[in-house]
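Peer 1: One structure, pasted below without further comment.
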Amino acid sequence: MTRRILTFACALTFLFSGCSVWQSAVKSTFPYNTILTIPRTAADNVMLSASGTAKSFDQDFNKDGTNADKVKDVKIVSAKVEADDPSDFNLGNLSMIKIYLAKADGSGEVLVASRTDITAMVGNSVVLDIENTKVLDEHVKEPKLTIRMEYQLRNHIYVNAHLKVVLGLRANP
């Protein structure tokens, strides 16, 4: 019985893999994320930058790393930064964050989220204000994307901080 269900699920996946409705649902379900590092040697009260390759669960199931050739009107719907290691790192050590999405080579960079009023004791997670007026169709058609974070430290940190950036998207068929 389980084998039959699994076979049926695989058949549906192959059937709908070219369907724009299926592609938009997948693209809207799995967020892009990356881990960015703020080194303990980073200076405070100056603008700094960290970047990494964006990953999405759905990229693992596609030959060329993308399944977005039939989606449109792709926009950001959520953005969050959370402490990864150490997990209790206080994001209040940062006074501001700006998140940019770009193609793998760094071209086409677009501001997608920011937060300029981070309070000193915010904790290990911050929801960012999104910039959802930009259409990201060309970006999500790329097999690889870069997430770049501009940030300013409020206080000097004494440990390398690894932060997870999570970007949720919405796509239409």
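The values are calculated or read from the model by the stated rules, or taken from the named source; none is laboratory data. Please read all numbers here as calculations on a predicted model, not as lab measurements. All Cβ positions, even for glycine, are placed from backbone atoms using ideal geometry, and neighbour counts span all protein chains on display. Ligands, DNA and RNA are excluded from the accessible area calculation, which covers all protein heavy atoms including side chains. Shrake-Rupley method; radii C 1.70, N 1.55, O 1.52, S 1.80 Å.
Peer 1: Need pairs with beta-carbon distance below 6 Å; first residue in contact (Cβ under 8 Å) with a residue 40 or more places away in the chain and farther than 17 Å from Thr119 by Cβ and within segment 149-169, second of a type in the set (Lys, Arg) and open to solvent by 10 Å² or more (accessible area, probe 1.4 Å); sequence gap 6+ or separate chains.
Peer 2: Glu150/Lys98; Tyr158/Arg40; Val159/Arg40; Asn160/Arg40; Val166/Lys80
Peer 1: Do you know which residues across segment 156-173 are surrounded by fewer than 23 Cβ atoms within 10 Å (Cβ to Cβ) and within 12 Å of the chain's Cα centre (by Cα)?
Peer 2: Scanning segment 156-173 gives Lys164, Val166, Gly168.
Peer 1: Which of the following residues is open to solvent by 40 Å² or more (accessible area, probe 1.4 Å) and of a type in the set (A, V, I, L, M): Met149, Met121? Steps first, answer last, please.
Peer 2: Working: Met149 fails: open to solvent by 40 Å² or more (accessible area, probe 1.4 Å).
On inspection, the qualifying residue turns out to be Met121.
Peer 1: Take segment 141-154 and flag every residue that is in a loop (DSSP other than H, G, I, E, B) and either closer than 16 Å to Ser49 by Cα or of a type in the set (Asp, Glu) (or both).
Peer 2: Result: Glu142, Arg154.
Peer 1: One residue is enough: does segment 99-114 have a residue meeting the conditions in contact with a Gly (Cβ under 7 Å, 6 or more places away or on another chain), at pLDDT below 95 and assigned to a strand (DSSP E or B)?
Peer 2: Yes, segment 99-114 contains a residue that is in contact with a Gly (Cβ under 7 Å, 6 or more places away or on another chain), at pLDDT below 95 and assigned to a strand (DSSP E or B).
Peer 1: Determine if segment 122-140 includes at least one residue that is touching a helix residue (DSSP H, G or I) at 6+ places or on another chain (Cβ under 6 Å), assigned to a loop (DSSP other than H, G, I, E, B) and more than 18 Å from Ser56 (Cβ to Cβ). Please lay out each step first, then the result.
Peer 2: Quick first cut of segment 122-140, residues touching a helix residue (DSSP H, G or I) at 6+ places or on another chain (Cβ under 6 Å) only: 122, 126.
Remaining after also requiring assigned to a loop (DSSP other than H, G, I, E, B): 122.
Those still in the list that are more than 18 Å from Ser56 (Cβ to Cβ) too: 122.
Taking every residue of segment 122-140 in turn, at least one turns out to be touching a helix residue (DSSP H, G or I) at 6+ places or on another chain (Cβ under 6 Å), assigned to a loop (DSSP other than H, G, I, E, B) and more than 18 Å from Ser56 (Cβ to Cβ).
Peer 1: Return the residues of segment 69-98 that are part of a strand (DSSP E or B) and farther than 24 Å from Gln152 by Cβ; say none if nothing qualifies.
Peer 2: Lys72, Asp73, Val74, Lys75, Val77
Peer 1: When Leu128 is evaluated against the numbered criteria (1) modelled with pLDDT of 90 or more; (2) surrounded by fewer than 18 Cβ atoms within 10 Å (Cβ to Cβ); (3) under 19 Å from Asn33 (Cα atoms), which criterion, by number, is the only one it fails?
Peer 2: Condition (2) is where Leu128 drops out.
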